[in-house]
Amino acid sequence: LFWLSLNVWLFWKTFLLYYQGLQYYYLHQMLGLGLCVSRASASVLNLNCCLVLLPMCRVLLAFLRGSQKVASRKTRRLLDKSKTFHVTCGVTICIFSALHVAAHLVNALNFSENYNEDFLSLNAANYRGEDPRKLLFATVPGLTGVIMVLVLFLMCTASTYAIRVSNYDIFWYTHNLFFVFYMLLMLHVSGGVLKYQTNLEEHPPGCFNPNKTLRENVTVPKAFEELFPDYTTEPFPEDLSVPEPFVQNNFMRICSEEPKFQSHFPETWFWISGPLCLYCVERLYRYIRSNKPVTITSVISHPSNVLEVRMIKDDFKARPGQYVILHCPRVSALESHPFTLTMCPTDTKATFGVHLKVVGDWTERFRDLLLLHSNQDTEILPIFQQRRYPKLYVDGPFGSPFEESLNYEVSLCVAGGIGVTPFASVLNTLLDGWKCYKLRRLYFIWVCRDIESFRWFADLLCTLHSKLWQENRPDYINIQLYLSQTDGIQKIIGEKYQALNSRLLIGRPRWKLLFDEIAKCNRRKTIGVFCCGPNKISKILHKLSNSSNSYGTRFEYNKESFS
């Protein structure tokens, strides 16, 4: 709502500037409200085209989130809204682009019908009645505008949730047309179609020009005879009053020269040049940083079509909760995909890893390249055979909301299915040592459809549980596993994972009771709520986090979405 209000305020202020500004008097007479609407919407587009790139500067956001420059947790949480802000700016661009196009269609028609022979430099048309379509398709501003509309339409339609889920490739390729959009935008504003008057003192709008009157053989009104006796040629009819624009409060506005018009310097260049250069510099930095392929140390096939890849890269450092972007040229020359780190490098080990669920063409091709056979068994199966893995490039790491999970005294982590991956890196970090972090109690809730999915991190959970028991801190982590579907319950976790059997529940969590219990046990504390899973669970947790309770406990909601 704040961003919407800001854009509406900017639109209205710019509208009034062009509606009331004397420098636009003659242009307004020609174009009417189309001028005001087109310029007002353009100012909103400048602002949003400038800011829409900043949330995509991932290195900058990761630096700000992890540095001491942003000490406030509230400010760091605002950085987690970067994706939402990017989408908001994109939607705003679409809305005001439609308004901008409609206004310029009216302007093209008015330029043709209201051709002004007195001020030729003000006209965009070449003659009265010129086909408005020539202004749209035969001029640089018009043609670039039409192409930009087509590019924006492709980007918007391909960004919808249905297309992203059904065919991510379409979204990825069309979204990279943004560079074409910005190049066209810089050409679009260089046309200088709309002009303003530069000599307002010498030629106030609506003033009387005696030189022009004499040249056109028009008699001078009697009111001007005393001031300009040399210009009077014929008696002016006595019953004809002096026109109102020429006399105001006995003051006559006299022109000393013809009006002069000039195109605006393209303000859009000022708006987008900084963010565009920043984004290009970051992309260059990311390319240089990820130019060296990683060394794949092992590949593990987990149940339910999940693949674990462990790697080593020189000077690679990451914090728990961060993610990386993988690029495998043999799978796709252009495509790259983000994956959350499930294991971060430490001072004692340089290995880091990701878990990826095999869904879609990219992950299927990637799995087939990594595994000797694509039909591996569903049990955990390390690949010991000596073989040459394909080249894999890693870009990152980048920040995410889950970095804050260790900065609360109490955290509630809720995972749905493969959404457990960001919390796996947190659990691995706690396994190496938990005393150096602020976190003193962790509630870990994991909901899965089939029992085999829990085997992805069953060893990790059991090891951490045993370690905390040995350190006399069994209450440090509260593990609750929920099996939402009972099919295959006979394959329940065996003796090896006995510690997890008592924590395995059938059905779905009763979220309201869960929040009440946590609030009761942690009175007057601030609890960080972290969710990575389906939107349905996310909405429930968000609503419960914002609701009040009788224990003075405050829940702060953080979210990572599959979409």
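The values are calculated or read from the model by the stated rules, or taken from the named source; none is laboratory data. Source: prediction; values computed, not measured. Note: ideal-geometry Cβ built from the backbone for every residue, glycine included; neighbour counts use all protein chains shown. Only protein heavy atoms, including side chains, enter the accessible area calculation; ligands, DNA and RNA are left aside. Shrake-Rupley method; radii C 1.70, N 1.55, O 1.52, S 1.80 Å.
Quick notes on this one:
- Estimated at 0.36 nm per residue, the fully extended path between residue 505 and residue 85 surpasses their Cα-Cα distance by 147.4 nm.
- The trypsin sites (Lys or Arg not before Pro) found in segment 67-141 that occupy coil by DSSP, while having at most 15 further C-beta atoms within 10 Å, are 69, 81, 128.
- Label zone at residue 263 (point 7 Å along Cα-to-Cβ), backbone N below 12 Å, segment 17-32: none
- Where chymotrypsin sites (Phe, Trp or Tyr not before Pro) fall in DSSP loop in segment 116-169, at most 14 other Cβ within 10 Å: 127
- The count of lysine pairs in segment 403-560 with alpha-carbon distances below 17 Å, taking only pairs 8 or more places apart or on different chains, stands at 10.
- Solvent-accessible area, 1.4 Å probe, carbon plus sulfur percent, for segment 85-166: 70 percent
- For segment 403-560, relative contact order (Cα pairs under 8 Å, six or more residues apart, normalised by length) works out to 27 percent.
- For residue 556, residues with placed amide H under 5 Å, excluding near neighbours: 527, 528, 529
- Reciprocal of mean inverse Cα separation for segment 403-560 (Kirkwood radius, Å): 16.0 Å
- Separation in nanometres of the label points that stand 7 Å from Cα toward Cβ, at residue 179 and residue 63: 2.1 nm
- Residues whose amide H comes within less than 5 Å of that of residue 254, counting only those at least five positions distant or on another chain, are 208 (H built at 1.01 Å from N in the peptide plane).
- Loop-located trypsin sites (Lys or Arg not before Pro) in segment 278-365, at most 13 other Cβ atoms within 10 Å (DSSP): 317, 330, 349
- Surface exposure of segment 403-560, expressed per residue as accessible area with a 1.4 Å probe, stands at 46 Å².
- A Förster distance of 41 Å, applied to the separation of the beta-carbon atoms of residue 162 and residue 297, puts the FRET efficiency at 0.60.
- Spin-label model, residue 546/residue 118: points 7 Å from Cα along the beta carbon direction are separated by 5.7 nm.
- Label-point gap, in nm, between residue 346 and residue 105 - each point 7 angstrom along Cα→Cβ: 6.3 nm
- Percent accessible area from carbon and sulfur atoms, segment 403-560, protein chains only, probe 1.4 Å: 49 percent
- Maximal additional length on extending the residue 526-residue 127 stretch stands at 136.6 nm, based on 0.36 nm per residue less the C-alpha distance.
- A Förster distance of 41 Å, applied to the separation of the beta-carbon atoms of residue 289 and residue 498, puts the FRET efficiency at 0.40.
- Accessible area of segment 263-379 divided out per residue, in Å², using a probe of 1.4 angstrom: 51 Å²
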